[in-house]
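Taking it in order: structure first as structure tokens, then the write-up.
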Amino acid sequence: MKKQIPILIVFITGLVMVLQYFVPHATSEFLFTYANDFVIVIGILALPLGIFSLMRGTVIKAKRDPRERFYAIVTIAGFLAMVIAGVQRSQFTTPGTWLQNMFSYVMIPCQATIFSMLAFYIASAAYRAFRVRTWLATVLLVTAFIVMLRIVPLPEPLSGWNSAIVQWILAVPNMASKRAIIIGVGLGAISYSMKIILGIERGYMGGDR
């Protein structure tokens, strides 16, 4: 019964949520809104579990590897500092508060640093992808070169021609590829959801099956 009851709950809930899309009634809309509220509540209740898992994993890693202790201390100290700053009776938008300063002078610079490092990984990946070995790589290289020329101040009429070509690339072949990817992702999501509803996929119960 430990497995059958959760599977039955998931089956009934998933079936109801699927059917409500095809019932144009106020009750169906209320059910959808009510279910979303439950998702928010469950997410909030799962937050302490995530915090406990983070702290536990950080402490265990620091105990096993002395080289990780400094990073563990920084992680725990940063977490406690943000919690203490968050429980202060002050609005986030109020300038000069501890919470606002933590975001402005710690969080935002860290995010900017991470994104600036990603630029080098993107450049490295682009270099490996744009090496001309096949005719498909040649098409990719030429297309990328044309699109990147959009940010270069070219003289007229080259600027107008390049802008028209870029607009066509984005509106026709690029849009067709995006739609194909979105359709594939949608079909994959549908199949995976059906596996969960029918009890084939049971990873959410904490086991392999």
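None of the figures in this text is laboratory data; all of them are computed from the coordinates on show. Computed from a predicted model, the values in this text were never measured in an experiment. Counting neighbours? That spans all protein chains shown, and the Cβs are built from the backbone with ideal geometry, glycine included.
So here's what we get for this one:
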{"item": "Whole-Å distance, taken between Cα centres, linking segment 102-122 and segment 1-31", "result": "42"}
{"item": "For the chain, the spread of Cα positions along each principal axis, largest first, Å", "result": "68, 51, 41"}
{"item": "Rounded if a/c under 1.5, otherwise prolate or oblate - segment 132-209, Cα gyration tensor axes", "result": "prolate"}
{"item": "Leu8-Trp98 pseudo-label distance in nm [points 7 Å out on the Cα-to-Cβ vector]", "result": "5.0"}
{"item": "Dipole-positive endmost among Leu141, Met194, Ser159 within segment 126-209 (Cβ charges, Cα centre)", "result": "Met194"}
{"item": "DSSP H segments from the chain that extend 27 Å or more along their own axis, Cα-based, with Kyte-Doolittle mean of -1.0 or above", "result": "26-64, 108-129, 173-197"}
{"item": "Size descriptor, Kirkwood hydrodynamic radius, that averages inverse alpha-carbon separations across segment 1-118, Å", "result": "18.8"}
{"item": "Relative contact order %, segment 131-209, counting alpha carbon pairs below 8 Å whose residues are six or more apart", "result": "13"}
{"item": "Cα-projected label distance for Tyr204 with Met55, points at 7 Å along beta-carbon direction, nm", "result": "2.8"}
{"item": "Relative frequency of Cα-Cα separations exceeding 18 Å in segment 21-70, percent", "result": "58"}
{"item": "Residue-averaged 222 nm ellipticity for the chain, from DSSP H runs of 4+ at -39500 (n - 2.57), nearest 500", "result": "-25000 deg cm²/dmol"}
{"item": "Difference of contour (0.36 nm per residue) and Cα-Cα distance, Leu15 to Lys195", "result": "63.6 nm"}
{"item": "Normalised contact order of segment 9-152, rounded percent, pairs of Cα under 8 Å and 6 or more residues apart", "result": "7"}
{"item": "At R0 = 35 Å, FRET efficiency that the Cβ-Cβ distance of Ser163 and Leu141 yields, to 0.05", "result": "0.95"}
